[in-house]
Structure formats: C-alpha cells, structure tokens
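Everything below concerns the one structure shown next.
Readers should treat all values here as calculations from the given coordinates under stated rules, not as data from a laboratory. Given the structure is predicted, the values throughout are model-derived calculations rather than measurements. In this analysis, Cβ positions are derived from the backbone assuming ideal geometry, glycine residues included, and neighbour counts consider all displayed protein chains.
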Amino acid sequence: MSQWLVLGIAMAAVCGVVLLITVLKERRISEDHDPTETPDVIEYLTMMVGVVYAIVLGLAIAGVWEARSAAEDTVRTEAQALHEVSARARAYPAPVRDRIRSDVTAYASYVVHKEWPVMAERGQLTARGTELLAKVRSDVTDYHPANDFEGQSYQPLVDQVGAVDAARSARADAADSTLPGVVWFGLITGGAISIGVVFTLQIRRSARELLLAGLFSALIAFLLFLVWDFDAPFSRGISASADPFLDLFPHL
C-alpha cells in the first residue's frame with residue numbers, strides 16, 4: 001500500500017473521529033447550555049498545551065530532517081571518496097590500477113543494486129559489502145610503490161579508502177530509525193491531548209467550527225506522518241537515494 005494512501009486514510013480517520021465525537025457531544029448538551037460560560041483558565045491552558053506541543057513537534061521534525069540531511073551527506077562522501085580512489089589509482093602500473101578500479105566498481109555496483117534494498121528493508125548493511133570494501137583496501141595497502149611518484153599517491157589513496165570506510169559506518173548508523181520509542185510515545189500522546197483539549201472549548205455543530213476542528217486534526221496527523229517518514233532516512237517515502245554513486249559511476 002502506498003504511503004501517501006496510508007497518510008490520506010489516517011488523516012480522514014482522524015477527522016472522522018473528531019467530527020463524530022463533536023456531533024455526539026453536541027447531542028448530549030442541553031438546550032439551555034451556554035457555551036460562553038467556558039472559564040478563561042481553560043482557554044489559557046488550551047493555548048499553552050498547543051504551544052508546548054507545537055514546539056516539541058517542531059523540534060522532532062527538525063531533528064529527523066537533520067538526520068536525513070546527514071545521511072545524504074554520508075552517501076555523497078562515501079561515493080566521492082570511492083571515486084577518488086578510482087581516479088588516483090592512475091599513478092599505479094596498469095595491472096594494479098585495473099585491479100583497484102575493478103574492485104571499486106564491484107563495490108559501488110553491489111552497494112547500489114544489492115545492499116541498498118537490504119538496508120532499506122532491514123535497516124542494516126551486509127557482510128558482502130564489507131568484504132568488497134576490504135578487498136579494495138587490501139588492493140591499495142598491499143601495493144609497495146616502486147618510485148617517488150607512486151609513493152606520493154600511496155598515502156592519499158589510503159586516506160580515501162579510510163574515508164569510504166568511515167562513511168560506510170556512518171551510513172550503517174543512519175540506516176535505522178533515529179527517534180527512540182519514548183519520543184514517539186510523547187508525540188502521539190501529545191497529539192491526542194492537543195486534539196482532545198479542543199473539546200473543552202465547547203465546539204458546536206456549526207460548519208465553521210467543524211471545519212476548523214477537522215483541519216486541525218488533519219494537520220496533526222500530517223505532521224506526525226512527516227516525522228515518521230523522515231525518521232528512517234533510507235527506507236521510507238522521502239528517503240535518501242543512491243544517486244551520488246550513480247552520478248560518479250554512470251556505467252553502473
């Protein structure tokens with residue numbers, strides 16, 4: 001099922017529940033009830049609940065967006081460092097250069113076509129990808145430069161392989177959800193409370209009040225969906241992609 005379809009169903013369900021409760025609540029109110037008798041302190045508390053929840057929700061959205069941006073930067077760093085290894089290997093003899101570039105291509109191809117779906121589904125990397133990167137490292141580190149020109153290229157190549165390894169580890173850390181369960185409990189509970197306190201303001205069945213209550217509930221549902229979607233940078237609808245690998249290795 002499409003995630004956008006799930007979002008639409010969730011928003012419609014929340015709006016339906018809120019409107020249903022409002023209508024049922026209205027039927028239980030006596031005709032002589034005066035909605036203007038709502039104490040001022042309730043209006044103040046309702047406003048404060050909304051403000052506090054808006055701050056918490058905004059911080060959650062900012063946090064997951066920052067984590068997604070960091071995941072994209074990690075992928076870009078890994079692809080760029082891997083490309084540098086392939087490009088700087090030109091200083092080495094043809095057999096060594098070709099072996100390094102072949103193993104670099106094999107690793108990049110595996111990441112894009114094999115490891116990426118596994119990472120998106122399970123939130124973890126594969127042992128095969130680690131083995132392919134270790135092979136690239138051994139290709140670079142096991143070669144003994146034959147002259148000063150090759151020696152000047154050796155350490156930068158080793159550093160770039162280290163950058164690939166570090167970026168891969170960072171990608172593994174970013175593959176799983178970033179928000180702990182207790183934060184989700186607070187966000188969902190806070191959303192329910194924020195919607196619930198609306199009923200303390202004596203909503204009537206006028207079209208304007210019902211529309212505003214439904215829109216407010218739909219907005220809360222949409223923002224929570226947004227946090228959930230950004231929470232796993234590689235596995236949900238608006239996710240980080242492997243485009244940096246494809247841009248630098250177009251033959252893949």
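Multiplying the residue separation of GLN152 and ALA54 by 0.36 nm and subtracting their alpha-carbon distance yields 29.7 nm. Modelled this way, with points 7 Å down the Cα-to-C-beta line, the labels at ASP73 and TYR44 are 4.3 nm from one another. By the beta-carbon count within 10 Å of each Cβ, the least crowded to most crowded order of MET47, MET119, fewest first, is MET47, MET119.
The Rg/Rh ratio of the stretch 56-132, with both radii computed over alpha carbons and Rh defined as the Kirkwood radius, is 1.14. Under the definition of Cα pairs under 8 Å and six or more residues apart, what whole-number percent is the relative contact order of the stretch 90-151? For the stretch 90-151, the relative contact order is 43 percent.
Inter-label distance, ALA12 to THR189: 3.2 nm, where each label sits 7 Å from its Cα along the C-beta direction. In the distance distribution for the stretch 89-195, Cα-Cα pairs more than 17 Å apart total 62 percent.
So how do LEU45, LEU57 line up by other beta-carbon neighbours within 10 Å, fewest first?
On the way: LEU45 13, LEU57 20.
Arranged by neighbour count, lowest to highest, LEU45, LEU57 become LEU45, LEU57.
As a proxy for reagent exposure, THR74, THR126 were ordered by neighbouring Cβ count within 10 angstrom, fewest first; the result is THR126, THR74. The label-point distance for ASP173 and ARG128, in a model that sets each label 7 Å from Cα toward Cβ, rounds to 2.7 nm.
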